[in-house]
Amino acid sequence: MNLKFRAGLAALFPLLLAACASDSADDGPAPQRWNLPELVFTEDGRPDPSILAPVQIFHRGNGTQPQGLDPHVTEGVPSSNIQRDLFEGLITRAADGSLIPGVAERWEISEDGMIWTFFLREDARWSNGDPMTADDWLFSFRRIVNPATGSRFAILLTPILNAEDIIAGRRPAEDLGVRVIDDLTLEVDMEAPNPFFQEVLTHSLASPVHRATVEAHGDRWARPGNMVSNGPFMLEELAMQSHIRLVRNPYYWDSANVILDEVFFYPTEDLSAELMRYRAGELSWTYEVPNTQFNWVQENLPDELQVYDWLGIYYFGFNTTREPFNDPRVTQALSLAIDREIITDKLTRWGEQPAFAFTPPGIPGYDPPKPEWAFWTQAEREEHARALLAEAGFGPNNPLRLEIRYNTHEDHRRISLAIAAMWQQTLGVYATLINEEFRVFLANRRQRVVTEVFRSGWIGNYLDPMYFLELFFSENPQNDVGFFNPEFDRLLNRAARAADLEERLGLLREAEILLLETQPFAPIYTYVSKRLVKPYVQGWVPNVLDQHPSRFIFLLRQDPVQQGAN
């Protein structure tokens, strides 16, 4: 196969070590803005205008229609892709995924690790020209943890003093350990030393919002004409199921180094249609590549195909608040009966690897545990699955019937069909498939009322097993499987307060072993990112987080044959 795997998970190991050891944004070598030595650059480090396309408008495929654009309440990769262009946190990422200063030009960590001090840029502005101040961050962080906001990712801020109690409704938002020292200085008190906190601050959740705009427009503040943001781009147009158009923000502090003038994000749930639009020149960048077109893409577009390791897991979740999915014998039987090798070898085929744990491999210092049956043959797994299901009271005279929900996506449908067939052939289980629009799908998962089995995926935002395992914390609003285990919660709480990294990882591994024994989900495979990119799209760098802000991207001048495809 002519797949191009370049950036592995181990490539971020030095970044993790730097994050744990550094107490200032000024330590260590600065990441390169553009790692393109073959191109022509001016003295100020910008690509020479002679090689740039005269029209800098970038057309990106972006998967499903985004759930929304409010960074504090939305979820899903399509939303966060756009939010990284609209907003900038205190800390952000370079094109290669490394940490760089955002609105905070530098930060300091106290010797005991309990106080983080952020020094804001004097030239940081909102898109309406208002100066950004520490008060903006105080308002934003309090809004995130306030239960009235309904943030599904608020748990990420629990390293901050009192955040956990505020999210749970036990304390007011004003008790959050965030203080304004002056207009350009913000202090954050921690519950315990946490070397990963600067990674957390790169999540789209930790974006600021403009207080006056939010208070004036309420739930409609994140709409064109209303939204005020602080990132390199501004929201200009939102056409449902058609496109979202962003334009360059002239007030962005680094606007002089942003080359693109406009960015179009298109919903591309139909992967075959996305491929056709790419071939026609309507798109310069696809969100994915359809598995059904594997051979054709390999043969016809090998130089435009980009496949890289991606820190994520594809899985099926079980609603354990409903019978019989509250019985670990049933959920383990369903997991055992899935032939993961068939799925990765015959259906996905891009280099995905069968998964048996929830945390993907490759996080430095962490060895994801595997259940004993991960080392069995598939025939042995299926035999044990039949025994478990019979023990739970299901068999030919009482077949298990269930529903599989998935959001609109041709590959999700194909994988769901394959697993339904495996369950019927191996276990005599009858599965009905239900396709739902993404927002309806998310709402049903969240409510845990009609959902029985659902497809899902979880993508790492940084190299910490906690980011994966805390999905099953009892108070996490994203705990869609309804996993409630006091011992699991205790282990995660101990890990969050462990000052020693080795101790922290050991506690997290112990927690994952407990999770795998209960099996509220069926891990299926670890992700790779796979997309087509036009050769004239430059400035992006492969990274395992698969984050590619438009801030760093630019378009090269094309020859006359290519001029129509920008």
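Which one of the conditions (1) surrounded by 23 or more Cβ atoms within 10 Å (Cβ to Cβ); (2) closer than 21 Å to PRO208 by Cβ does ARG60 fail to meet, given that it meets all the rest?
(2)
Just the residues that are assigned to a strand (DSSP E or B) and either touching a residue at least 60 places away in the same chain (Cβ under 8 Å) or not charged (D, E, K, R) (or both), please, taken from the range 227-250. Lay out the reasoning, then the answer.
Within the range 227-250, the first condition is being assigned to a strand (DSSP E or B), and the residues that meet it are 233-239, 243-248.
Result: PHE233, MET234, LEU235, LEU238, ALA239, HIS243, ILE244, LEU246, VAL247.
Within the range 136-168, can you find the residues that are in contact (Cβ under 8 Å) with a residue 60 or more places away in the chain, under 19 Å from GLY102 (Cβ atoms) and over 22 Å from the mean Cα position of the chain (by Cα)?
Listed by number, the residues that qualify are ASP136, TRP137, PHE139.
Given the conditions (1) among the aliphatic types (A, V, I, L, M); (2) more than 25 Å from the chain's Cα centre (by Cα); (3) under 15 Å from LYS534 (Cβ atoms), and given that ILE259 satisfies all but one, which numbered condition is not satisfied?
(3)
Can you pull out every residue in the range 127-152 that is surrounded by fewer than 22 Cβ atoms within 10 Å (Cβ to Cβ) and either among the aromatic types (Phe, Trp, Tyr) or in contact with a helix residue (DSSP H, G or I) (Cβ under 6 Å, 6 or more places away or on another chain) (or both)?
PHE139, ARG142, ARG143, ASN146, THR149
Among the candidates THR321, THR292, THR286, single out the residue that is surrounded by 19 or more Cβ atoms within 10 Å (Cβ to Cβ) and among the β-branched types (Val, Ile, Thr).
Every option except THR286 fails the conditions.
Assuming SER140 fulfils every condition listed in (1) polar (S, T, N, Q); (2) part of a helix (DSSP H, G or I); (3) over 22 Å from TRP126 (Cα atoms) apart from one, which condition is it?
(3)
Given the conditions (1) in contact with a helix residue (DSSP H, G or I) (Cβ under 9 Å, 6 or more places away or on another chain); (2) of a type in the set (Lys, Arg); (3) under 30 Å from GLN241 (Cβ atoms); (4) modelled with pLDDT under 95, and given that ARG494 satisfies all but one, which numbered condition is not satisfied?
Only one criterion is unmet by ARG494, namely (3).
Do we find a residue being among the hydroxyl-bearing types (Ser, Thr, Tyr) and touching a Phe, Trp or Tyr at 6+ places or on another chain (Cβ under 6 Å) anywhere in the range 238-247?
No, the range 238-247 contains no residue that is among the hydroxyl-bearing types (Ser, Thr, Tyr) and touching a Phe, Trp or Tyr at 6+ places or on another chain (Cβ under 6 Å).
What single numbered condition from (1) within 30 Å of HIS243 (Cα to Cα); (2) crowded, with 23+ Cβ neighbours inside 10 Å fails to hold for ILE160?
Among (1) within 30 Å of HIS243 (Cα to Cα); (2) crowded, with 23+ Cβ neighbours inside 10 Å, ILE160 violates only (1).
Does VAL77 satisfy the condition of being touching a residue at least 24 places away in the same chain (Cβ under 8 Å), among the β-branched types (Val, Ile, Thr) and surrounded by 20 or more Cβ atoms within 10 Å (Cβ to Cβ)?
no
Residues of the range 519-557 being of a type in the set (Lys, Arg) and part of a loop (DSSP other than H, G, I, E, B), which ones?
Within the range 519-557, LYS534, ARG557 qualify.
So how many residues does the range 163-220 have that are of a type in the set (A, V, I, L, M) and assigned to a loop (DSSP other than H, G, I, E, B)? Break it down stepwise before answering.
Filtering the range 163-220 down to residues of a type in the set (A, V, I, L, M) leaves 163, 166-168, 173, 176, 178, 180-181, 184, 186, 188, 190, 192, 200-201, 205-206, 209, 212, 214, 216.
Now narrow it down to the ones that are assigned to a loop (DSSP other than H, G, I, E, B): 168, 176, 184, 192, 201, 209.
Number of matching residues: 6.
Would you call ARG490 surrounded by fewer than 20 Cβ atoms within 10 Å (Cβ to Cβ) and in the same structural domain as ASN146 (by TED's automatic domain parsing)?
Working: surrounded by fewer than 20 Cβ atoms within 10 Å (Cβ to Cβ): yes; in the same structural domain as ASN146 (by TED's automatic domain parsing): no.
Here the answer is no, as ARG490 does not meet what is asked.
What is the one condition in (1) over 25 Å from GLY225 (Cβ atoms); (2) outside any loop (DSSP other than H, G, I, E, B) that GLY113 does not satisfy?
Evaluating GLY113 over (1) over 25 Å from GLY225 (Cβ atoms); (2) outside any loop (DSSP other than H, G, I, E, B) leaves (2) as the failure.
Tell me, please, whether a residue that is of a type outside the set (S, T, N, Q), within 22 Å of SER80 (Cα to Cα) and buried (at least 16 other Cβ atoms within 10 Å of the Cβ) can be found in the range 178-195.
For the range 178-195, residues of a type outside the set (S, T, N, Q), within 22 Å of SER80 (Cα to Cα) and buried (at least 16 other Cβ atoms within 10 Å of the Cβ): absent.
For the range 265-317, what are the residues that are farther than 30 Å from VAL453 by Cβ and part of a loop (DSSP other than H, G, I, E, B)?
Passing the criteria: ALA280, GLY281, GLU282, LEU283, SER284, LEU301, PRO302, ASP303, GLU304.
Does the range 71-84 include one or more residues that are assigned by TED's automatic domain parsing to the domain that holds ASP189, in contact with a Lys or Arg (Cβ under 8 Å, 6 or more places away or on another chain), of a type in the set (Asp, Glu) and under 23 Å from ASN146 (Cβ atoms)?
So far as the range 71-84 goes, yes, one or more of its residues are assigned by TED's automatic domain parsing to the domain that holds ASP189, in contact with a Lys or Arg (Cβ under 8 Å, 6 or more places away or on another chain), of a type in the set (Asp, Glu) and under 23 Å from ASN146 (Cβ atoms).
If LEU156 satisfies every condition in (1) within 30 Å of PHE264 (Cβ to Cβ); (2) modelled with pLDDT of 95 or more; (3) of a type in the set (A, V, I, L, M, F, W, C) but one, which is the exception?
Checking LEU156 against (1) within 30 Å of PHE264 (Cβ to Cβ); (2) modelled with pLDDT of 95 or more; (3) of a type in the set (A, V, I, L, M, F, W, C), the one that fails is (2).
The values are calculated or read from the model by the stated rules, or taken from the named source; none is laboratory data. Predicted, not measured: the structure shown is a model, and the values here were computed from it. With ideal geometry, Cβ positions are generated from the backbone for all residues, glycine too; neighbour counts draw on all protein chains shown.
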